[in-house]
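The values are calculated or read from the model by the stated rules, or taken from the named source; none is laboratory data. This structure is a prediction, so every number in the text was calculated from the model and none was measured. Neighbour counts are summed over all protein chains in view; Cβ atoms, including those assigned to glycine, are modelled from backbone coordinates with ideal geometry.
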Amino acid sequence: MDTAALQEIFRQDRFAAHVGIEILEGEGGHARAQLVVQPHHLNGLGTVQGGALFTLADLVFAVAVNSRGLKATGLHASINWLKPARAGTLFAEAVEVSCSRRIATYSVRITDEQGGLLATFQGTGYRLDEAWTVPACPEGRP
């Protein structure tokens, strides 16, 4: 699947859209996304809330695991927060570690605009026997 098809599929992820995550690319077991930090992303310490970082990592993992054309769902995910962020644009990149008929694993790195590593995430997905189909005409568009 290409980036445009994945963007259309994940347009249905209302929570990620509400948070403000934008898919930049996705194809062949790889994906990138970004989040522009807004005041509502900050916790009481003035740093980006851990759940916002987890959501960014989880979405880019979902895009990557689904990018091979089969529907997939998460089996396990874990995150390590390494450094706080307070502002700017955050980037997440998922890379495939392994992919078999049913199980696929991914490693995600979240970085800031300067390339500083903020968090690492590991995700394991379960691949279904159902292929994705992308609507020819997205709802509400000509």
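One table, with the values for the structure above:
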read-out: Verdict on T133 being loosely packed, with under 13 Cβ neighbours inside 10 Å and without any contact (Cβ under 8 Å) to a residue 12 or more places away in the chain; value: yes
read-out: Scope the stretch 69-88; condition under 23 Å from A4 (Cβ atoms) and buried (at least 17 other Cβ atoms within 10 Å of the Cβ); matching residues; value: L70, A72
read-out: Residue list for the stretch 9-20, restricted to those being buried (at least 16 other Cβ atoms within 10 Å of the Cβ) and either farther than 20 Å from K71 by Cβ or out of contact with any Leu (no Cβ under 6 Å at 6 or more places or on another chain) (or both); value: I9, F10, D13, V19, G20
read-out: Matching option when the condition is under 18 Å from Q7 (Cβ atoms), of a type in the set (V, I, T) and either modelled with pLDDT of 95 or more or out of contact with any strand residue (DSSP E or B) (no Cβ under 7 Å at 6 or more places or on another chain) (or both), among V63, V37, V48; value: V63
